[in-house]
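One structure is given below, encoded as structure tokens.
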Amino acid sequence: MAGLIISGLLALGVVVLLFMVIRIVPQREIYVVERLGKYQSSMDAGLHFLMPFIDRVAYKHSQKEIVRDVPRQSCITKDNIEVSIDGVMYLQVVDPKAASYGVDDYVMAAQQLAQTTLRSVIGKIDLDKTFEERGEINMEVVRAVDEAAQPWGVKVLRYEVADINLPVSIKDAMEKQVRAERERRAVVAESEGERQAAINRSEGDRQAAINRSEGEKQEMINISEGEKMKQINEAEGRAQQIELIATATGEGLRQVAAAVKEDGGQEAVSLRIAEQYVTAFEKVAKESTTMLLPQGLSDIGGTVASLQKVLKTVEKTPA
């Protein structure tokens with residue numbers, strides 16, 4: 001019985017000893033080992049052996065990204081407006097030894113430093129810029145906290161402003177400002193539309209006037225060209241008429257002259273002259289109540305003889 005108890009105690013001691021000697025480190029974790037209270041080594045993922053009663057695992061660190069909320073705090077902007085801001089910070093342990101012995105709680109230290117840095121950054125900008133320049137604010141906080149966290153063996157990867165709360169009065173004022181700005185833009189847009197419409201109308205009227213003037217100009221040109229062609233055609237017609245009349249008259253005179261030279265031509269001419277003479281005085285007598293008669297009107301034969309004498313003179317005259 002005593003032997004069984006001793007055997008059990010020995011087995012328990014072996015199990016405890018193995019537990020103290022063997023350490024299995026999970027993936028993405030690092031164990032910091034101290035020997036007699038002094039830093040010995042950092043164990044990566046895998047199987048490791050410790051010296052019992054001398055070595056011990058003092059700290060355990062995760063190499064994953066650590067996400068921590070930065071508590072909400074009040075900040076004063078450059079234009080003296082109080083805002084309430086909270087954020088999210090992403091950390092990662094890069095030096096297990098420094099993270100173990102550099103600071104008591106690196107997460108708390110990073111959070112406090114992020115808060116103080118955020119208050120400093122917000123105090124340098126106006127309220128409107130806090131909404132427009134969130135990216136710049138985040139970069140400033142990351143730069144300041146990461147520089148301060150280097151001795152702690154911690155890398156600050158990112159910082160994001162989660163929410164910005166404003167006082168009710170400031171919200172109302174900003175809403176009024178936004179409404180006023182929208183109304184102003186609407187008025188400007190409407191006026192721009194009216195101005196553009198007026199410009200378009202004036203351009204259309206100007207183009208229509210130009211088109212009308214061009215049409216009237218072309219119409220006048222066409223009319224003048226038509227008048228010109230008409231006058232040319234009339235002139236050419238009159239010229240041709242005159243030429244034809246002259247040709248016909250000349251031909252008639254030549255025929256008359258030829259007829260006069262023939263036998264009995266003189267008597268025919270005399271008879272024709274006498275007939276025309278009498279017809280002319282008859283016409284004058286019908287058209288006028290008063291008539292002056294030439295001397296020797298009764299002597300028609302003498303008159304005809306005189307006209308024949310003139311005709312002969314013309315015939316003898318060389319052409």
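Structure notes:
- Residue check for Asp126: within 30 Å of Arg35 (Cβ to Cβ) and either more than 52 Å from the chain's Cα centre (by Cα) or at pLDDT below 90 (or both): no
- Of the criteria (1) under 20 Å from Asp95 (Cβ atoms); (2) surrounded by fewer than 16 Cβ atoms within 10 Å (Cβ to Cβ), which one Val156 fails: (2)
- Exactly one residue out of Val187, Val161, Val141, Val145 is among the β-branched types (Val, Ile, Thr), at pLDDT 85 or above and not in a helix (DSSP H, G or I), and it is Val161.
- Those strands (runs of 3 or more DSSP E) of segment 1-109 in which at least 1 residues are under 60 Å from the mean Cα position of the chain (by Cα) and free of Cβ contacts under 8 Å to residues at least 40 places away in the same chain, considering only elements entirely within it, cover 29-35, 55-62, 66-76.
The values are calculated or read from the model by the stated rules, or taken from the named source; none is laboratory data. On a predicted model such as this, the values are computed, not experimentally measured, just so you know. Every residue, glycine as well, gets a Cβ built from its backbone with ideal geometry; the counts of neighbours run over all protein chains shown.
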